[in-house]
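> Before we start, here is the structure in question, set down as structure tokens.
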Amino acid sequence: MSDTDLAALQQEFTTALAAAKDAASAERVKSDWLGRTGKLRSLTEQLGKLPPDQKKARGKAINDLKLACEAAAEARLRELSASGPKAAPADVIDVTLPGARPRLGRRHPIYATMDEMRAIFAKLGFEAAYGPEIETAYYNFVSLNIPLDHPAAEPFDTWYLDDPDAATRPYRFLLRSHTSPVQMHVMEGRKPPIRVVVPGKVFRTDPADASHLPVFHQMEGLMVEENVTFADLKGVLSIAMKELFGAKTETRFRPSFFPFTEPSAEVDVSCLLCGGGGCPACKGSGWIEVLGCGMVHPRVLEYAKIDPEKYSGFAFGMGVERIAMLKLGVPDIRHFIRSHPLFLRQW
Ligand code: DAH
């Protein structure tokens, strides 16, 4: 085959391309000629039979033909797709299409509740304070007037992080079983007047059931100033409970015991469902227990090097999950960690 034949081939290809009236048929022409089993392929195969002195020139001529055909095919394809009905090239954004709406996350109901509680106490002059989740037995127990080896430490079902026989027991590490140790960190770090709330995670060896989780949240409160009395405690908590559960909410203080407060009390609020008349939610009593509190024990102030003759204070602690369950009507605490999207998207 001579160079004239090659020119004829190119002419034939150009005619076939021009006859293709849409992109699909242009593609077909392209692959008939240039594809792996295409017409131009056999030209290359014939090269091998030529005498060596002709091979080079012939090979270049075939290659030039291929390149010219490829360029012509691309040009034709571009032309066809530009004039066809689907004219928009892939990289053009159609601004008339509806947008892809990003799915927004939301605050977990426990953290939303904690934020709400924090905001209520902020209005009463309490700022938020935080402390470590890994504590020593000193802060979790001893400094709060809970002797180690004393039954008072037992209800806390503590996760210890080191060897139970470790020699220096007050310095054993543990996961804090309540937020109360942060009272001590705050009092060590600043002088009265002190008004803080401490939201945070706490840990106990409780197995999970409808009302317990091994990891849950508490919010601690502490106020230490001159002349703080039980009346201040009652005032602050009854206002806070009205803010939290609604203006009609009544509060009731029942005598109780905590090692770090004296006197101590447990606080009930009037049942959110029946308003105090008695219903299954409050087991007929009209009241629901929500927190523990009391006047800071003088020994706790002494541990913090605050003079109990000059200063007094009150403290309180409540379970955030419990408050959230009451406010949102969640019957089982485990729902909060099951994270079912339908459950979490309700609020
Ligand atoms: N720390 C207690 C607990 O986890 C709750 C508590 C009760 C905190 C009375 C206080 C308080 O500050 O005064 O059970």
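The values are calculated or read from the model by the stated rules, or taken from the named source; none is laboratory data. These numbers come from a predicted model, not from an experiment. Note that we place each Cβ from the backbone using ideal geometry, even for glycine, and neighbour counts take in every protein chain shown. Accessible surface is based on the protein model in full, side chains and every heavy atom, while ligands, DNA and RNA are left aside. Shrake-Rupley method; radii C 1.70, N 1.55, O 1.52, S 1.80 Å.
> Looking at the stretch 252-265, is at least one residue in contact with a helix residue (DSSP H, G or I) (Cβ under 8 Å, 6 or more places away or on another chain) and either more than 15 Å from the ligand (Cβ to nearest atom) or among the aromatic types (Phe, Trp, Tyr) (or both)?
Yes, because at least one residue in the stretch 252-265 is in contact with a helix residue (DSSP H, G or I) (Cβ under 8 Å, 6 or more places away or on another chain) and either more than 15 Å from the ligand (Cβ to nearest atom) or among the aromatic types (Phe, Trp, Tyr) (or both).
> Mind listing whichever residues of the stretch 210-237 are in contact (Cβ under 8 Å) with a residue 12 or more places away in the chain and among the aliphatic types (A, V, I, L, M)?
Those that are in contact (Cβ under 8 Å) with a residue 12 or more places away in the chain and among the aliphatic types (A, V, I, L, M): ALA210, LEU213, VAL215, MET219, LEU222, MET223, VAL224, VAL228, LEU233, VAL236, LEU237.
> Select the strands (runs of 3 or more DSSP E) contained entirely in the stretch 248-340, then report the ones holding at least 3 residues which are surrounded by 20 or more Cβ atoms within 10 Å (Cβ to Cβ) and not charged (D, E, K, R).
Numbers: elements: 251-258, 261-270, 287-296, 312-319.
Because the criterion is at least 3 residues that are surrounded by 20 or more Cβ atoms within 10 Å (Cβ to Cβ) and not charged (D, E, K, R), the strands (runs of 3 or more DSSP E) in the stretch 248-340 that meet it are 261-270, 287-296, 312-319.
> Look through GLU116, GLU135 and report the one residue that is more than 30 Å from PHE343 (Cα to Cα) and either within 14 Å of the ligand (Cβ to nearest atom) or in a helix (DSSP H, G or I) (or both).
Values: GLU116 fails: more than 30 Å from PHE343 (Cα to Cα).
Unique residue meeting the criteria: GLU135.
> If the Cβ limit is 7 Å and pairs must be 6+ apart or interchain, which residue in the stretch 275-290 that is farther than 16 Å from ALA324 by Cα pairs with which residue that is open to solvent by 50 Å² or more (accessible area, probe 1.4 Å) and basic (Lys, Arg)?
GLY275/LYS248; TRP287/ARG252
> To continue, here is another question. Against the definition (within 21 Å of ARG322 (Cβ to Cβ) and assigned by TED's automatic domain parsing to the domain that holds ARG322), how does ASP149 come out, yes or no? Break it down into steps so the answer makes sense when it comes.
On the way: within 21 Å of ARG322 (Cβ to Cβ): no; assigned by TED's automatic domain parsing to the domain that holds ARG322: yes.
Answer is no for this residue.
> Separate question: For the stretch 266-292, name all the residues that are near the ligand (Cβ under 10 Å from one of its atoms) and of a type outside the set (Gly, Ala, Ser). Give the derivation first.
From the stretch 266-292, those near the ligand (Cβ under 10 Å from one of its atoms) are 266-267, 291-292; that's our starting set.
Listed by number, the residues that qualify are GLU266, VAL267, LEU291.
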